[in-house]
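Enquirer: Please find one structure pasted underneath; my questions will follow.
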Amino acid sequence: MRLCVCLVLLSFILCASADVLRAGRFAWDAAGGAWDMLRAYRDMREANYKGADKYFHARGNYDAAQRGPGGAWAAKVISDAREKWQSDVSGRGAADTLADQEANAWGRSGGDPNRYRPAGLPSKY
């Protein structure tokens, strides 16, 4: 009887530690994904290249999603918040928001960001 109780307790401990490890990995991936999004934003600002907006949207989402579910989650949350702010505050319009969200989804789903790369954008990016 003691052996059964010990086995049950051990299995509870193992399940709980596996959940903690999974949660920790998700959080780590989310933080890395947020960093990827920030890096893409900084590169976009630095490049200041006309027509490159969608490329940097796709690239940031792609890089973040490559980290795993946490990175993809962070990319979606950041992209949705930015587009909501942009459509509500900046007044760029629904068409621009829709095009940005298409590029975001393309990158997050593993699509090649170069689909949106404008001709002449320096190879640094």
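Enquirer: Plugging the Kirkwood radius over Cα pairs into Stokes-Einstein for the range 26-116, at a temperature of 10 °C and a viscosity of 1.306 mPa s, what D comes out in µm²/s?
Expert: Details: Rh = 12.7 Å.
Taking Rh from Cα pairs, D becomes 125 µm²/s.
Enquirer: Given the whole protein assembly as supplied and a 1.4 Å probe, what does the accessible area of residue 53 come to in Å², nearest 10?
Expert: Accessible area, nearest 10 Å²: 40 Å².
Enquirer: Tell me the trypsin sites (Lys or Arg not before Pro) within the range 30-110 that lie in a loop according to DSSP and have at most 10 other beta-carbon atoms within 10 Å.
Expert: Numbers: sites: 39, 42, 45, 50, 54, 59, 67, 76, 82, 84, 92, 108; in loops: 50, 67, 92.
For trypsin sites (Lys or Arg not before Pro) across the range 30-110 that sit outside H, G, I, E and B with at most 10 neighbouring Cβ atoms in 10 Å, the list reads 50.
Enquirer: Would you compute the Debye intensity of the range 63-125 from its alpha-carbon atoms alone, equal scatterers and no solvent, and pass along log10 I(q)/I(0) at q = 0.11, 0.20, 0.28 Å⁻¹ to two decimals?
Expert: -0.29, -0.87, -1.11
Enquirer: Suppose R0 equals 25 Å. What FRET efficiency, 1/(1 + (r/R0)^6) with r the Cβ-Cβ distance, do residue 35 and residue 96 give to the nearest 0.05? Before the final figure, lay out each step's value.
Expert: On the way: r = 26 Å, r/R0 = 1.02.
Efficiency, rounded to the nearest 0.05: 0.45.
The values are calculated or read from the model by the stated rules, or taken from the named source; none is laboratory data. Values in this document were obtained by computation on a predicted structure and should not be read as measured data. Neighbour counts are summed over all protein chains in view; Cβ atoms, including those assigned to glycine, are modelled from backbone coordinates with ideal geometry. Side chains included, ligands, DNA and RNA excluded: accessible areas come from the protein's heavy atoms. Shrake-Rupley method; radii C 1.70, N 1.55, O 1.52, S 1.80 Å.
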